[in-house]
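Step one of this worksheet: look at the structure below.
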């Protein structure tokens with residue numbers, strides 16, 4: 001298992017010295033030439049360059065992943081209904097890089113007693129990591145199995161590829177990363193990519209001749225086309241910047257991180273994404289609860305207040321005037337399934353209608369759902385307001401409802417276990433890197449930042465689906481960094 005204290009450390013062996021890997025690359029390129037459209041030559045050259053870069057310098061490939069996720073929506077090539085982006089080339093290169101560095105003892109270890117022994121040793125060293133990979137493999141298996149019930153199998157194949165890439169980035173990233181310096185480079189690359197997106201958003205806001213050139217209400221969206229995934233992308237780097245601004249041991253690094261955080265916060269405000277605000281609030285709460293140890297009681301009290309408020313609101317125990325005043329900023333006041341649709345509540349009612357449609361799919365197909373990626377195809381049969389919203393928006397606007405609708409109870413359990421294990425991995429990394437001095441202090445700051453990224457991402461998915469545009473692979477990269485960090489408490493890297 002690729003964690004701190006790895007069972008099998010990467011090493012250049014005979015495999016890396018043979019022509020096997022270059023031969024595989026040539027085969028992939030030749031196959032791509034056969035399926036790409038005539039205008040895909042330039043894309044192929046760029047993809048080949050990225051693949052070879054990730055293969056020969058894996059750290060560069062890992063650092064480029066956040067940039068590829070940002071540029072993916074703008075540099076997408078459609079091949080026989082599949083969307084290919086530079087991120088796909090990077091993932092392929094990272095997988096080949098990891099394979100090329102596998103020690104020869106891995107081959108006999110993949111079967112029989114050696115495999116069982118390796119799993120038992122990994123379980124004793126880090127149970128959360130074993131559960132993490134097991135849950136992700138289980139979810140991918142359910143996605144594959146849902147082909148049996150899917151009406152649109154092409155969309156299910158896309159989901160299989162997507163979750164396969166998540167697994168590939170998680171495994172290869174955790175295997176290839178080395179030392180606190182490399183994780184720091186990945187973190188700063190993610191922050192730099194986020195700042196670049198923020199600056200693009202500022203340019204959209206400043207240069208727009210009118211709101212029509214932006215999203216609804218003059219909201220910025222960067223390269224993502226919509227404000228909500230844009231805010232989700234910013235939250236993959238903003239918690240890192242905040243963590244380094246507060247907890248990094250070097251003053252210059254704290255100043256640079258604080259400047260980046262200010263730019264990212266401004267762009268997030270201009271996106272006006274409620275889901276982004278929820279994700280950021282959870283990320284900040286995690287930073288306060290885990291990082292400022294004296295504030296844990298206050299953070300726990302705040303979380304309890306939020307929970308009690310939610311229970312009171314849903315059980316009508318909260319005074320109406322107070323509830324309305326608190327919910328109005330989130331545009332949630334007066335919302336119920338039978339409420340009239342108005343211009344003021346349109347977007348929220350739209351989400352509610354898509355949630356209900358997803359829950360109806362789950363109720364009708366509780367075991368395997370309607371098929372991974374098939375929410376759109378099944379939506380007309382389960383739409384709550386077919387006259388108002390006759391077409392789906394691609395997902396249920398809540399990934400957990402979406403997972404239940406598309407993969408049933410099996411997929412929902414697997415994704416919840418995966419989410420819980422990812423948080424457990426982050427908490428363990430933070431605790432193992434808790435030494436107050438030197439590189440271990442930097443490791444703790446990075447662990448706090450990546451833990452907050454994971455928590456904020458999972459929270460934002462309560463109102464959106466962020467497992468798209470390559471952000472899912474960036475989440476996998478964040479978890480891979482957390483899997484690497486525990487070793488820093490023993491080895492400064």
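So here's what we get for this one:
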item	result
Scan of segment 151-206 for residues that are outside any helix (DSSP H, G or I) and in contact with a helix residue (DSSP H, G or I) (Cβ under 7 Å, 6 or more places away or on another chain), ordered by number	151, 152, 177
Given (1) surrounded by fewer than 19 Cβ atoms within 10 Å (Cβ to Cβ); (2) at pLDDT below 90, index of the condition residue 416 fails	(2)
Candidates 211, 206, 198, filtered to the one that is modelled with pLDDT of 95 or more and either surrounded by fewer than 17 Cβ atoms within 10 Å (Cβ to Cβ) or on the phi < 0 side of the Ramachandran plot (or both)	198
Helices (runs of 4 or more DSSP H) enclosed by segment 218-336 - at least 3 residues per element that are within 30 Å of residue 207 (Cα to Cα) and modelled with pLDDT of 55 or more	227-234, 238-247, 251-271, 274-286
Test for residue 487: is it part of a helix (DSSP H, G or I) and at pLDDT below 95	yes
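Yes/no per residue for (1) buried (at least 16 other Cβ atoms within 10 Å of the Cβ); (2) farther than 16 Å from residue 418 by Cβ; (3) in contact with a strand residue (DSSP E or B) (Cβ under 9 Å, 6 or more places away or on another chain); (4) modelled with pLDDT of 95 or more:
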{"residue": "127", "(1), (2), (3), (4)": "no, no, no, no"}
{"residue": "130", "(1), (2), (3), (4)": "yes, no, no, no"}
{"residue": "135", "(1), (2), (3), (4)": "yes, no, no, yes"}
{"residue": "140", "(1), (2), (3), (4)": "yes, no, no, yes"}
{"residue": "150", "(1), (2), (3), (4)": "yes, yes, no, yes"}
{"residue": "166", "(1), (2), (3), (4)": "yes, no, no, yes"}
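The values are calculated or read from the model by the stated rules, or taken from the named source; none is laboratory data. Here the structure is a predicted model, which means the values were calculated and not measured. Virtual Cβ from ideal backbone geometry, glycine too; neighbours counted across all protein chains shown.
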